[in-house]
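> Before I ask anything, let me first share the structure, which is written out below as structure tokens.
The values are calculated or read from the model by the stated rules, or taken from the named source; none is laboratory data. Since we're looking at a predicted model, the values are computed, not measured. A quick note on method: Cβ atoms are made from the backbone with ideal geometry, for glycine too, and the neighbour counts reach across all protein chains shown. Side chains included, ligands, DNA and RNA excluded: accessible areas come from the protein's heavy atoms. Shrake-Rupley method; radii C 1.70, N 1.55, O 1.52, S 1.80 Å.
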Amino acid sequence: QFGARPKYALIEAIGKKVIVKINDVGPLKPGRIIDLNERTMRHFDPSMELGVIPGVTVRPLSGDDWTPGPVG
């Protein structure tokens with residue numbers, strides 16, 4: 001049996017960090033590791049011109065006591 005899926009994750013890219021709530025799981029387009037909502041995308045790319053953010057890391061967070069939004 002699989003363990004519980006994480007409800008939150010820390011997303012890091014281009015020198016920025018944000019905590020997101022995971023509310024859907026795939027399917028993803030090939031080459032993508034996570035789809036972000038518009039608000040989170042604008043945190044990384046205010047102009048919304050990139051479309052895809054390079055070098056993203058996703059770190060699942062344990063527990064339910066996280067507040068989504070920018071970190072540090």
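> Among [x] 14.4, 40; [y] 12.5, 43; [z] 12.2, 38, which is the computed Rg and Dmax of the Cα atoms in Å?
From the options [x] 14.4, 40; [y] 12.5, 43; [z] 12.2, 38, the structure gives [y].
> Using θ = phi - 60° and the Karplus relation 6.51 cos²θ - 1.76 cosθ + 1.60, list the HN-Hα couplings for region 22-35 in order, rounded to whole Hz, with x at every Gly or Pro.
Computed from phi, the couplings for region 22-35 are 8, 10, 7, 10, x, x, 9, 5, x, x, 9, 10, 7, 9 Hz.
> With the contact rule set at Cα under 8 Å and sequence spacing of 6 or more, what percent relative contact order holds for the chain?
On the way: 92 pairs, mean separation 36.3, N = 72.
Answer for the chain is 50 percent.
> How large is the dipole of the chain about the Cα centre if only Lys and Arg carry +1 and Asp and Glu carry -1, each at its Cβ, rounded to the nearest 20 debye?
Using Cβ point charges on Lys, Arg, Asp and Glu, the chain gives about 100 debye.
> I would also like to ask the following. Under a 1.4 Å probe, what is the accessible area of the chain per residue, stated in Å²? Walk me through the numbers before you get to the answer.
Values: 5640 Å² over 72 residues.
Result: 78 Å² per residue.
> Under the Karplus relation 6.51 cos²θ - 1.76 cosθ + 1.60, θ = phi - 60°, what is the ordered set of whole-Hz ³J(HN,Hα) values for region 52-58, x standing for Gly and Pro?
For region 52-58, the Karplus-derived couplings read 10, 9, x, x, 7, 10, 10 Hz, x marking Gly and Pro.
> Taking only Cα atoms and a 10 Å spring cutoff, compute GNM fluctuations for the chain and point out the largest among LEU61, LEU36, LEU28.
Of the options given, LEU28 has the highest mean-square fluctuation.
> How long is the gain from LYS16 to SER47 if the chain were fully straight, where each residue apart is worth 0.36 nm and the alpha carbon distance is subtracted? Working shown, then result.
Values: separation 31, 0.36 × 31 = 11.16 nm, distance 1.54 nm.
Between LYS16 and SER47, full extension yields 9.6 nm more.
> Solvent-accessible area of GLU12, probe 1.4 Å, all protein chains present, reported in Å² to the nearest ten, please.
Estimated to the nearest 10 Å², GLU12 gives 40 Å².
> Here is a further query. Run down the lysines and flag those whose C-alpha is under 16 Å from the C-alpha of LYS7, throwing out any fewer than 8 positions away in its chain.
Within the straight-line cut-off, LYS7 pairs with LYS21.
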